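Asker: Please find one structure pasted underneath; my questions will follow.
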Amino acid sequence: MAVAAAAARVWGSSRGLGRVGLLLLRRPGARGLARSHPQRQQQHFSSLDDKPQFPGASAEFIDKLEFIQPNVISGIPIYRVMDRQGQIINPSEDPHLPQEKVLKFYKTMTLLNTMDRILYESQRQGRISFYMTNYGEEGTHVGSAAALDSTDLVFGQYREAGVLMYRNYPLELFMAQCYGNVSDLGKGRQMPVHYGCRERHFVTISSPLATQIPQAVGAAYAAKRANANRVIICYFGEGAASEGDAHAGFNFAATLECPIIFFCRNNGYAISTPTSEQYRGDGIAARGPGYGILSIRVDGNDVFAVYNATKEARRRAVAENQPFLIEAMTYRIGHHSTSDDSSAYRSVDEVNYWDKQDHPISRLRHYLQSCGWWDDEQEKAWRKQSRKKVMEAFEQAERKLKPSPSLLFSDVYQEMPTQLRKQQESLARHLQAYGEHYPLDHFEK
C-alpha cells in the first residue's frame, strides 16, 4: 500500500475539479520540449548503501514477501457536479456556464437523440444498411466537445456523433453519410456512422477497434513538435482499452510527453461482453498511473462533470505537454448496433433503470428547469421542431443519387497503376454489356 500511496496523488484545488482531483504518477523534472537531459555521471556505491539504484523504478527495499494486490487503490472515486435531480452538489464546482451555452448542451443532446431514433428506424425499414445509436451517452459527447477549442483534433471510435453535432456539423451531412449519397464527404465508401470532417477537425472514423489510439498519439506528438498550442482528444470504449493498440498508445504518449486526452467511455458493455468479463482491475482509470498518465474518473451522465474534467485536462495538456486519461462512467442504453440484440445478454429492467432513473438528458433538463431556463411548453415546441429538422434532412438524403461508380477507383493513387486501370476498364465493359441488370439510374453519371 505504501507503493500505491506514493504513486497516487490528488490533483489539488484547481478550479473545476476540487478535492477529487486526478490520480497521478509523475517523474521528477519539468515536462516539455525544452527539458534538458544532463549526462549521467558514474556513481560509486559502498556496501553500506542500502537504497535501490535500479534505473527502471523508484522504490524502497522491504524485507517482507508481499505481492501487490490487483486493486492497490480501493475504488477510484467518481467525480460529479450534479446529482440525479440536476442539483449542484458543491457550489465551488459549478462551472457557471451562461444560459445560452447550457441550452446548446441540451439542444445538441436532444437533437442527437431524435436523429438516432429516426435513423435507427430507417435501418430497420431497410432504407440504410447499418446504424449505431448514442442513447445514454450524450453527456460524454457534449460535455467533452464543449470544453475543447474548435481546432483541437478529434479521433473518434464510432459512437461520438454528438461531438460533431456540437461543432455544428449539418444534419444533411449526417444523413448523406448514412445514405452514402452524392453529398457524402466520403463519397459513399464508408459504412454508415463512420463520419469525418476536415473542416471541423474530426478524423474519419475507422472500423478496426482501437487503431485510432496510436494514430492520435502520433498527431499529438506532431502538434507538440510544432508548438501548435493544440490538444488531441481520442475517444474509445472500455472494450477497445483491451486491445494492444491501447497499451502502445498510452506508453508512447507518456514517454514522448504528448498533449493528448484519452477519453474512455465506459458504458458497461463491449458489444455483449460485460465489464465483469472484460477486466479484473478497477476500470480503465486505474491503468493510468502505471503508464505515468494523470487520470480521473467522472460521472459520464453529468455533463458538467465531463465539461470540468475535459477543460482542465485540456488546459494542462497544452501547458505542460503531457497526456491525460478521463474515464467517463456511463451506460449504453441502446443495442451495440443494428446488428445486435442486447436482450440476449441483459435484462429489460436493467436498461429501463438507466433510461428512466439516470439519463444525462433528464439530469440536464432538471437543472435547466430549476434555473427557470426551460419549461414544458419549450420542451414540447423544441421536440417538434427538432423532429421536423431531422425529417427534412432525412427526406432530402433519400432523394439524392448515389455517387458515380467511377469513384471506386479514385483518391488512392496520384497516378492510377496499370492493374487498377485494367479493373476500371473491366467494370466499364461489364456495365456496358449487362447494365440493364443494375440500378444505374440510382447513381450519378
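The values are calculated or read from the model by the stated rules, or taken from the named source; none is laboratory data. Owing to the predicted nature of the structure, the values given are computational and were not obtained by experimental measurement. Every residue, glycine among them, receives a Cβ derived from its backbone with ideal geometry; neighbour counts consider all protein chains shown. The area values use the complete protein model at the heavy-atom level, side chains included, leaving out ligands, DNA and RNA. Shrake-Rupley method; radii C 1.70, N 1.55, O 1.52, S 1.80 Å.
Asker: Only residues that are touching a Phe, Trp or Tyr at 6+ places or on another chain (Cβ under 9 Å) and touching a residue at least 24 places away in the same chain (Cβ under 8 Å): list them for the stretch 401-423, please.
Answerer: L401, K402, P403, S404, P405
Asker: Would you be able to tell me the number of residues in the stretch 338-349 that are open to solvent by 50 Å² or more (accessible area, probe 1.4 Å) and within 24 Å of the chain's Cα centre (by Cα)?
Answerer: Adding up the residues that qualify gives 2.
Asker: Here's another thing I want to ask about it. Just to be sure, is F443 of a type outside the set (S, T, N, Q), in the same structural domain as T110 (by the TED database) and open to solvent by less than 70 Å² (accessible area, probe 1.4 Å)?
Answerer: The answer is no for F443.
Asker: If a residue has to be of a type in the set (G, A, S), under 21 Å from G268 (Cβ atoms) and part of a helix (DSSP H, G or I) to count, how many in the stretch 195-241 make the cut?
Answerer: Here the count works out to 2.
Asker: Can you find a residue in the stretch 387-400 that is part of a loop (DSSP other than H, G, I, E, B), more than 30 Å from the chain's Cα centre (by Cα) and in contact (Cβ under 8 Å) with a residue 40 or more places away in the chain?
Answerer: The answer is yes, given that some residue of the stretch 387-400 is part of a loop (DSSP other than H, G, I, E, B), more than 30 Å from the chain's Cα centre (by Cα) and in contact (Cβ under 8 Å) with a residue 40 or more places away in the chain.
Asker: Also, quick follow-up: Identify all residues within the stretch 126-138 that are of a type outside the set (D, E, K, R), out of contact with any His (no Cβ under 9 Å at 6 or more places or on another chain) and either open to solvent by less than 10 Å² (accessible area, probe 1.4 Å) or at negative phi (or both); write none if there are none.
Answerer: I128, S129, F130, Y131
Asker: Going through G283, G288 one at a time, which residue ends up being surrounded by fewer than 23 Cβ atoms within 10 Å (Cβ to Cβ) and more than 27 Å from P98 (Cβ to Cβ)?
Answerer: Just a single option satisfies the conditions, and that option is G283.
Asker: Right, something else. Please specify each residue of the stretch 220-253 satisfying the condition of being closer than 13 Å to Q157 by Cα and not acidic (D, E).
Answerer: Answer for the stretch 220-253, where residues must be closer than 13 Å to Q157 by Cα and not acidic (D, E): I233, C234, Y235, F236, G237, G239, A240, A241, A246.
Asker: Identify all residues within the stretch 171-187 that are open to solvent by 40 Å² or more (accessible area, probe 1.4 Å), not aliphatic (A, V, I, L, M) and not in a helix (DSSP H, G or I); write none if there are none.
Answerer: If the condition is that a residue be open to solvent by 40 Å² or more (accessible area, probe 1.4 Å), not aliphatic (A, V, I, L, M) and not in a helix (DSSP H, G or I), then K187 is the only one that fits.
Asker: With S122, S46, S92 as the choices, which residue is open to solvent by less than 90 Å² (accessible area, probe 1.4 Å), modelled with pLDDT under 80 and more than 30 Å from N251 (Cβ to Cβ)?
Answerer: After ruling out the rest, the residue left standing is S46.
Asker: Also, I was wondering about something else. Looking only at the stretch 323-353, how many residues end up being assigned to a loop (DSSP other than H, G, I, E, B) and in contact with a His (Cβ under 8 Å, 6 or more places away or on another chain)?
Answerer: The number of residues fulfilling the criteria is 2.
Asker: Looking only at the stretch 205-234, count every residue that is within 21 Å of G290 (Cβ to Cβ) and touching a Ser or Thr at 6+ places or on another chain (Cβ under 9 Å) and tell me the total.
Answerer: Qualifying residue count for the region: 1.
Asker: Okay, moving on. Mind telling me which of the residues A309, A253, A216 ends up being buried (at least 24 other Cβ atoms within 10 Å of the Cβ) and either touching a Pro at 6+ places or on another chain (Cβ under 9 Å) or modelled with pLDDT under 95 (or both)?
Answerer: A253
Asker: Is the stretch 143-159 home to any residue that is among the basic types (K, R) and crowded, with 23+ Cβ neighbours inside 10 Å?
Answerer: Checked against the condition, which is being among the basic types (K, R) and crowded, with 23+ Cβ neighbours inside 10 Å, the stretch 143-159 yields at least one hit.
Asker: Looking at the stretch 144-171, I want the residues that are of a type in the set (D, E) and have a partner that is part of a loop (DSSP other than H, G, I, E, B) and open to solvent by 20 Å² or more (accessible area, probe 1.4 Å) with Cβ atoms under 7 Å, at least 6 apart or on another chain. Which pairs are those?
Answerer: D152/H201; D152/R230
Asker: How many residues does the stretch 404-439 contain that are among the β-branched types (V, I, T) and either at positive phi or open to solvent by less than 90 Å² (accessible area, probe 1.4 Å) (or both)?
Answerer: Count: 1.
Asker: Give the residue that is farthest from the chain's Cα centre (by Cα), with candidates limited to residues of the stretch 257-283 that are part of a loop (DSSP other than H, G, I, E, B) and closer than 16 Å to R159 by Cβ.
Answerer: Step by step, filter the stretch 257-283, then rank; the result is S272.
Asker: May I ask you to verify whether A397 is surrounded by 13 or more Cβ atoms within 10 Å (Cβ to Cβ), closer than 30 Å to M109 by Cα and not β-branched (V, I, T)?
Answerer: When the stated conditions are applied, A397 passes them.
Asker: Could I ask something else about it? Spot the failing condition for E199; the list is (1) out of contact with any helix residue (DSSP H, G or I) (no Cβ under 7 Å at 6 or more places or on another chain); (2) under 30 Å from D441 (Cβ atoms); (3) among the charged types (D, E, K, R), and only one is missed.
Answerer: With (1) out of contact with any helix residue (DSSP H, G or I) (no Cβ under 7 Å at 6 or more places or on another chain); (2) under 30 Å from D441 (Cβ atoms); (3) among the charged types (D, E, K, R) applied to E199, the lone miss is (2).
Asker: For the stretch 81-112, how many residues are of a type in the set (D, E) and within 26 Å of R387 (Cα to Cα)?
Answerer: Qualifying residue count, the stretch 81-112: 1.
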